[in-house]
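The values are calculated or read from the model by the stated rules, or taken from the named source; none is laboratory data. It should be emphasised that the depicted structure is a prediction, and the values quoted were computed from it without experimental measurement. Don't worry about glycine lacking a Cβ; one is built from the backbone with ideal geometry, like all the others, and counts go over all protein chains shown. Each accessible area value is taken on the protein alone, full model and side chains, heavy atoms only, with ligands, DNA and RNA left out. Shrake-Rupley method; radii C 1.70, N 1.55, O 1.52, S 1.80 Å.
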Amino acid sequence: MANYSRYWRQAWRIGLQVVAALFLTSIAWVLVYRWVSPPATWLMLERRAHAPVGKGYYGIREDGRRISYDFKGLDEVSPHVPLALIAAEDQLFLKHHGFDFNALQRAVKTNMQDGHKLVGGSTISQQVAKNVFLWHGRSYVRKAAEAYFTMLIELLWNKRRIMEMYLSVAEMGDCTFGVEAASQRYFHKPASRVTPAEAALLAGVLPNPLRFRASNPGPAARAKQRRVMRNMRRLGGTTYVRELIED
């Protein structure tokens with residue numbers, strides 16, 4: 001009995017040490033990325049390894065699967081880009097602390113009513129946590145890890161850094177990550193010269209960049225572009241993100 005209790009105490013101590021090590025590693029990881037751009041993400045490695053398979057996917061590169069990724073700071077892209085991303089994905093980005101609970105409640109209600117079409121309620125901060133630190137997929141474990149990393153980046157980064165990460169690592173087409181790579185691929189120019197309409201088009205395809213086309217956009221992509229541009233005007237144009245850009 002004594003040996004049994006001793007083994008449990010040893011296992012408990014080892015478990016605590018592992019948890020502490022993981023916690024400290026995650027803190028260090030997030031702090032490093034506060035100043036250093038990620039060399040790659042899990043999704044980039046997955047896309048590099050094999051082509052995605054899905055009905056209606058557009059622009060899939062069957063051969064020569066080389067990742068296009070060029071990290072850019074906010075001062076290196078057009079101010080229309082962060083505005084369009086906020087207008088399309090998270091209009092409370094500058095106000096919340098990582099989570100939009102009203103959006104989450106609406107998403108849960110919609111998904112319960114229509115289980116065939118899943119609607120997300122993730123903020124830009126949550127998407128950065130997922131894109132930068134986690135694997136691709138849906139599970140309760142990943143969602144819990146996403147919430148944890150969201151709290152960490154909101155605590156250890158500022159909004160400017162979160163936006164820089166988002167616009168630089170978000171998937172915007174097969175093997176294409178970030179607005180710089182997307183602008184070069186679809187518009188043949190740097191992201192610093194993107195127009196409001198082009199920024200709205202890039203932001204509009206983000207929910208599913210493998211199905212919506214930023215180059216030769218179809219009716220659905222054009223409709224989303226117009227919706228994003230209306231939101232950009234309603235937010236007040238680039239003056240809305242001036243504090244973010246000048247932070």
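Could you tell me what percent of the accessible area of the chain is made up of carbon and sulfur, with a 1.4 Å probe and every protein chain present?
Working: 7970 of 13820 Å².
Answer for the chain: carbon and sulfur cover 58 percent of the accessible area.
Determine the sum of side-chain charges near R65: Lys and Arg each +1, Asp and Glu each -1, restricted to other residues whose C-beta is under 9 angstrom from that of R65.
Values: positive: R47, R48, R61, R66; negative: E62, D63, D174.
Computed value for this residue: +1.
Name the residues whose placed amide hydrogens come within less than 5 Å of the amide hydrogen of S68, ignoring near sequence neighbours (fewer than 5 apart) on the same chain.
T176, F177
Can you count the Lys pairs in the chain whose Cα atoms are under 17 Å apart, with each pair 8 or more apart or on different chains?
Details: K55/K117; K72/K159; K72/K189; K95/K159; K109/K117; K130/K143; K130/K159.
Total qualifying Lys-Lys pairs in the chain comes to 7.
When every alpha-carbon pair in the chain is counted, what percent end up more than 35 Å apart? Kindly include the intermediate steps, with their values, before the conclusion.
Details: 5364 of 30381 pairs.
That fraction is 18 percent.
For the chain, what is the calculated [θ] at 222 nm in deg cm²/dmol (nearest 500), taking -39500 (n - 2.57) for each run of four or more DSSP H residues and dividing by its residue count?
Details: 11 runs with 141 residues, N = 247.
Result for the chain, helices only: -18000 deg cm²/dmol.
Under the classification rounded if a/c is under 1.5, otherwise prolate if a/b is larger than b/c and oblate if not, where does the stretch 1-51 fall, given a ≥ b ≥ c as square roots of the Cα gyration tensor eigenvalues?
On the way: a/c = 9.22, a/b = 2.20, b/c = 4.19.
Because a/c hits 1.5 or more and a/b fails to exceed b/c, the stretch 1-51 counts as oblate.
Under the classification rounded if a/c is under 1.5, otherwise prolate if a/b is larger than b/c and oblate if not, where does the stretch 190-231 fall, given a ≥ b ≥ c as square roots of the Cα gyration tensor eigenvalues? Numbers along the way, then the final one.
Details: a/c = 1.81, a/b = 1.25, b/c = 1.45.
Oblate.
Considering only protein heavy atoms, what per residue accessible area in square angstrom results for the chain with a 1.4 angstrom probe? Can you show the working numbers first?
Values: 13820 Å² over 247 residues.
About 56 Å² of surface per residue is accessible.
Quick one: net charge of F133's neighbours, Cβ under 11 Å, K/R +1, D/E -1? Show your work: numbers first, answer last.
Values: positive: K130, R142; negative: E146.
Value of the local net charge: +1.
Compute the Cα gyration tensor for the stretch 115-247, then decide on rounded, prolate or oblate, letting a ≥ b ≥ c be the square roots of its eigenvalues: rounded whenever a/c is under 1.5, prolate when a/b is larger than b/c in the other cases, and oblate in all that remain.
On the way: a/c = 1.62, a/b = 1.23, b/c = 1.32.
Judged from the Cα gyration tensor, the stretch 115-247 comes out oblate (a/c at least 1.5, b/c at or above a/b).
Within the stretch 3-43, report the trypsin sites (Lys or Arg not before Pro) that DSSP leaves as loop and that have at most 15 other Cβ atoms within 10 Å. Show your work: numbers first, answer last.
On the way: sites: R6, R9, R13, R34; in loops: R34.
Qualifying residues, ordered by number: R34.
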